[in-house]
There are 2 protein chains.
Amino acid sequence: MDEDGRKIPTHEVTYARLRDMILFGVLAPGQPVTIQGLTAELDAGMTPVREAIRRLTAEGALTPQGNRRVSVPQMTEAVLDQLAWARLAIEPQLARLAMRRLTPGLIARLTALDDEVNAAIGAGNLAGYLRANHAFHFTLYEAAEAPVLMDIAQSLWLRAGPSLRLVMGRFGSSGLPDLHAEALEAMRGGEGEALSAAIARDIQQGVDQVRLALSEGAF
Amino acid sequence: MDEDGRKIPTHEVTYARLRDMILFGVLAPGQPVTIQGLTAELDAGMTPVREAIRRLTAEGALTPQGNRRVSVPQMTEAVLDQLAWARLAIEPQLARLAMRRLTPGLIARLTALDDEVNAAIGAGNLAGYLRANHAFHFTLYEAAEAPVLMDIAQSLWLRAGPSLRLVMGRFGSSGLPDLHAEALEAMRGGEGEALSAAIARDIQQGVDQVRLALSEGAF
DNA sequence: TCCTGGATAATTTGATCAAATTTCTTGCCG
DNA sequence: CGGCAAGAAATTTGATCAAATTATCCAGGA
């Protein structure tokens, strides 16, 4: 049941669960995804699982292998370049649009989410970090009220998701600037361009980490 | 069977057919899309139709109506703004990337496609125009070999598709510049930036037409 | 190396159940 | 007496499942 007392259909729940598995690093790149394997794991029938897989394939989160198998895509140099370019095009714009509608309450929520991010980093908690980081970015983007751009951003994150688990290892050790803090500072000052720039640099930083891991043959 | 001798599954064929119906103006904005209605029309079982609908919903080509029905989305000012911005961000970049890999053979094919576009315009043939125009843009973009950006572009075109049928009426009458011709000129000269700019203006021109129709309450 | 079963998994169908919409009825009020 | 509205039945449509079908892969043998 959802908040309106309506029953949420099984295929929606199944989709959300599988999506989160991809987004938050439960599924490794290259891992095969079978319908029958997931019916057991997600406790659903074939039809809902099937639909979830198809939806995620349409969003680029899973790749069909020609011979009617589906797997979690491997990250490649070429794909990373495209992801980086597209994210740098879309997400700073979402941040810019969001700026106009930010309320003090929202900024407080974003601050709390950033605290969660830092706590997770401190604790070396990968799943917690990925969740909090995703929540930080998307509650900000949500404020832009631009569903078309949001869908694109979500698809781009889904494509990047499985690779991020391998980046975590390298990342307590680095003295990188905290760009979420800079973003929050810009929000409080109402500076749209500074916010947009901070988000852009945050994206760039993440992409650089993945690129580094990729060049070291981590995948 | 496809070119490798493999059988194409029904749900792929069904998806392609329904997608083209949306892309090429067969389905009107606001029109409800029912599974059982399509099983008859597309000559397929429930499951393939169901999957096609889900995939297209995930791509933004169809919208769920809350009460588990699905329909072709209405165009709004807000969505058009986002579509315009995103298309102007993505597609000129695809054109730029494509430039480096264009061969004389490809340019010849694109020239032929543009002839088709103009012939369809001359004949007032809406379906032919939409098909040829789509083919022109996407065979160009295909050359960029950037599947991530291609998927985004495809999704954006799907969202715009149903609205384009209503724009055709107004458009023999206008002395608009032929931007495909300019694009082809840039390709022949190997000028990436000029190509990118021509594509951008082509997009802008199309968006302006839709915006005009929208402001006149055509939807 | 090529061919031939056999195993595994995806595809598809048809049936069944549940939800939502529409239609029809019925009773009340003007 | 006529119209309107509320509620109930019927119809339409979506969701889910399980069985039957079909394709692909892999191993073993010619």
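The values are calculated or read from the model by the stated rules, or taken from the named source; none is laboratory data. Model, not experiment: these values are computed from the prediction. Don't worry about glycine lacking a Cβ; one is built from the backbone with ideal geometry, like all the others, and counts go over all protein chains shown. Heads up: the accessible areas ignore ligands, DNA and RNA and are worked out on the full protein's heavy atoms, side chains in. Shrake-Rupley method; radii C 1.70, N 1.55, O 1.52, S 1.80 Å.
Looking across the range A:68-106 at every residue that is open to solvent by less than 80 Å² (accessible area, probe 1.4 Å) and within 16 Å of DNA strand D (Cβ to nearest atom), the one that is nearest to the chain's Cα centre (by Cα) is identified as A:SER71. In the set B:ASP43, B:ASP20, B:ASP81, only one residue is assigned by TED's automatic domain parsing to the domain that holds B:ALA198 and over 23 Å from A:ASN67 (Cβ atoms); that residue is B:ASP81. Just to be sure, is A:GLU51 at pLDDT 95 or above and crowded, with 18+ Cβ neighbours inside 10 Å? It is false that A:GLU51 is at pLDDT 95 or above and crowded, with 18+ Cβ neighbours inside 10 Å. Within the range A:17-46, the set of residues being open to solvent by 70 Å² or more (accessible area, probe 1.4 Å) and within 14 Å of chain B (Cβ to nearest Cβ) comprises just one member, A:MET46.
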